[in-house]
Every structure is written in C-alpha cells, then in structure tokens.
Amino acid sequence: MSDRYYSYKQFLLEHFGEPVLKLPVDAGFSCPNRDGTVGTGGCSYCLNEAFAPRYCSSGKDILRQIDEGIEFHRQRGRESNIYLAYFQSFSNTHAPLDKLRERYETALSHPKVKGLVIGTRPDCVDEEKLDYLKSLSQKHFISVEYGIESCYDRTLQRINRGHDFATAQQAVEQTASRGIHTGGHFIIGLPGETTADWLSSIQTINQMPLNSLKFHQLQIIKGTAMEKEFEEHPEDFQHLDMDTYIELMVEMIKRMRPDISIERFAAEVPPRYLRSNPWQLQRYDVILQKIRQRLMEKDCWQGMSLNIPEPTL
C-alpha cells in the first residue's frame, strides 16, 4: 500500500503492470426492479441517466461506445494501452446467458479491451452465469460489481430495493468462491441510517470476501421517489456536509481490511439532476485530495483500528 489506503488504481497497476482505464458502456439491459421481475418503479433513489457519460447509449453498438470512450479520454489527456469495458447501466446480468455471452464477448473482441467490469444486482446472478464468468476469467480480467447499498434490511425495504442483505452476502460469496474479482457498492446517507450504522457496516463488510469497494454519498435526484420522501420527511435524512463526510470516510478507512481496494469515496452527478447540492460544484478529485490530506493530518491508514501496522509511505 503506497498510500494511506489501498486504491483501486493501485490494484489495477499491480495486476496489469501499467495504468488502466475503464470505459462505461450501455449494453441495453434492463432492471428486474423496473420490468416487473422483482418489482416496478425501481429503487427510490435511482435515475440511471444521471450517472452515465454522454457517449453511452444503448442505441449505439458496444464497439462504437468503446471507441468513443477511448476518444473521450484521449481528448482529456488520458490514454492507456489497456481498457476495461464497464457494463454500468442498469443490471448487466439480467438477461439469458446467450444474450450475456454475445454482449460480453463483443466487448472483449476489441483489441484494447483486456477485461470486463460488470455492474449488477445480487439477485441477478445464478450458478450458470457465474460458471460462465469463471470461464471468461481464465483468459480475461473479470470483475462483478454488486450494488449492495446497505447492510440493513430495514433500509433495503425502505428504498424499494427488492432484495435483502442475505441475498447480497450469498451472491458475493458465490462469486468470490469462483476466483472472480468481486466488488461492492454502498450508499452513505440513506434515510433512517446513522453514523453509528455506517461505522458498524464496516465490520460486516470486512467479513465478506470483497476485493473492492465504492462508496457514494446519497444525492437527492430530481424526479425520484426519494425526492418526494426527502420533501415529506427531511428529519429522516442526515445532512452530511463535505467536512463531516470526509471525517466519516477517514473513520471507515481506519476500520477497513487493508486488502480491500477502494475505488471511489463519493459520486458526481451533473447539477441539473440534483434536488439539493450541499457540496456545490466540488469535483471528485478535490474531495479525494481532502480525504488524503485528512489521513495525513490525523496520521491514519487503512486497517489502523484493526492493529494493522502503518504502511511504508
């Protein structure tokens, strides 16, 4: 760990031996919580288009999206010899296996794509799909990124998630047992949860065979069911200003297993989608720098509270 926490960027550098970039693609999948398989209306916080870059569109074929993604990064001074196709939009294992095979292998046919990151829900995998992903992982880097969101069933029910935490635990265990890189996504600030809940969650996360994590602060998106809930019951939401959030992240890092890489600490959504914007226009790189600075000021590191020795910096 060359930093005070184990970054996903560092993990990829160790795995591939050189810098790697991820390219979001929209492969045209749906969500079982929207199409009636599990429910309708979706999770109360979700508006998928708020998180997708503009070159992602299910109306474009996958290889075109990858080429446009490479050009998008090139114009911003970011280039690599290795790219990962990130199946980001909706639930990217929510389809029959033959359709998954066609989408995934199309992406892997691109000469610069060396692996896949597959964003999905814990209730959208089964033994057959995971066995197929295991076979792909013999030749390519394959990561399954599960939207877990919360460790608490009361919260998952409140946000209309459509599955319980045990479902997430089972999916993570089944995926990791096949040697597939396994990631988890959590939202900090969901209604009814407290600072004590979020810190306690780390104990649960540490017991799961996760390889990587993403944390996003809750953002109230216009037009969602959660916007209405926020307006009707603002007392149920903890209003985390940026400084408070950074302190919380530092405390969570201290409690976290040091072998789990952290990909993100916060999310960015275009301001036009936000019901409220307490962090104003602060970019993620500024937030990340503040977290790193606070770790240095407090002389903290990942796993410190687990009696893990200070890393060589």
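The values are calculated or read from the model by the stated rules, or taken from the named source; none is laboratory data. Predicted, not measured: the structure shown is a model, and the values here were computed from it. Glycine also receives a Cβ, built like all others from the backbone with ideal geometry; neighbour counts cover every protein chain displayed. Ligands, DNA and RNA are stripped out before the accessible areas are found, and what is left, the full protein with its side chains, is counted by its heavy atoms. Shrake-Rupley method; radii C 1.70, N 1.55, O 1.52, S 1.80 Å.
Below are the figures for this structure:
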quantity: Heavy-atom accessible area order for MET304, MET296, largest first, 1.4 Å probe; calculated: MET296, MET304
quantity: In order through segment 287-299: 3J(HN,Hα) via Karplus (6.51 cos²θ - 1.76 cosθ + 1.60), integer Hz, x for Gly, Pro; calculated: 4, 4, 5, 5, 5, 4, 5, 5, 4, 5, 4, 8, 6
quantity: Per-residue SASA entry for SER30, accessible area with 1.4 Å probe, Å² rounded to 10; calculated: 50 Å²
quantity: Whole-number D in µm²/s for segment 160-202 (Stokes-Einstein; Kirkwood sum over Cα pairs; 10 °C, 1.306 mPa s); calculated: 130 µm²/s
quantity: Heavy-atom accessible area per residue - segment 165-268, 1.4 Å, Å²; calculated: 37 Å²
quantity: Per residue accessible area of segment 105-152, 1.4 Å probe, in Å²; calculated: 36 Å²
quantity: Where LEU97, LEU295 fall by accessible area, highest first, once all protein chains stay in place (1.4 Å); calculated: LEU97, LEU295
quantity: Surface/4 estimate of mean projected area, convex hull on alpha-carbon atoms of the chain, nm²; calculated: 15.6 nm²
quantity: Residue-wise HN-Hα coupling along segment 160-176, computed from phi with Karplus coefficients 6.51, -1.76, 1.60 (Hz; x: Gly, Pro); calculated: 6, 5, x, 8, 9, 5, 4, 5, 5, 4, 5, 5, 4, 5, 5, 6, 4
quantity: Label-zone membership for segment 210-244, site ARG154, 7 angstrom Cα→C-beta point, backbone N under 16 Å; calculated: 235-238
quantity: Computed over segment 117-192, Cα set: Rg, Dmax in Å; calculated: 13.1, 44
quantity: Rounded to whole Hz, the Karplus (6.51, -1.76, 1.60) HN-Hα couplings of segment 148-158, x for glycine and proline; calculated: 9, 6, 8, 8, 10, 4, 4, 6, 4, 5, 5
quantity: Heavy atoms of VAL38 accessible to a 1.4 Å probe, total area in Å² rounded to 10; calculated: 60 Å²
quantity: Placed amide H near GLU145: partners under 5 Å, 5+ positions off or other chain; calculated: ILE118, GLY119, THR120, GLY183
quantity: Whole-angstrom gap from segment 116-145 to segment 159-227, using each part's C-alpha centre; calculated: 18 Å
quantity: Carbon and sulfur %, accessible surface of the chain computed with the full protein complex present, 1.4 Å; calculated: 47 percent
quantity: Pairs beyond 22 Å (Cα-Cα), from LYS60/LYS214; LYS254/LYS290; LYS9/LYS112; LYS214/LYS290; LYS134/LYS254; calculated: LYS60/LYS214; LYS134/LYS254
quantity: Two-decimal log10 I(q)/I(0) for segment 1-49, as the Debye equation yields it once each C-alpha is a single scatterer, q = 0.13, 0.15, 0.26 Å⁻¹; calculated: -0.60, -0.67, -0.94
quantity: Per-selection metrics, segment 169-231 (Cα): Rg and Dmax in Å; calculated: 14.6, 44
quantity: Residues with amide H under 5 Å from that of ILE82, placed H, sequence gap 5 or more; calculated: LEU21
quantity: Amide hydrogen neighbours beyond the local backbone of ILE221, cut-off 5 Å, H modeled; calculated: GLU227, ARG275
quantity: Heavy-atom accessible area ranking, 1.4 Å probe, most first, across GLU193, GLU251, GLU297; calculated: GLU297, GLU251, GLU193
quantity: Relative contact order (%) - criterion: Cα under 8 Å, at least six apart; region: the chain; calculated: 20 percent
quantity: With DNA, RNA and ligands ignored, accessible area of ARG294 (1.4 Å probe; Å², nearest 10); calculated: 70 Å²
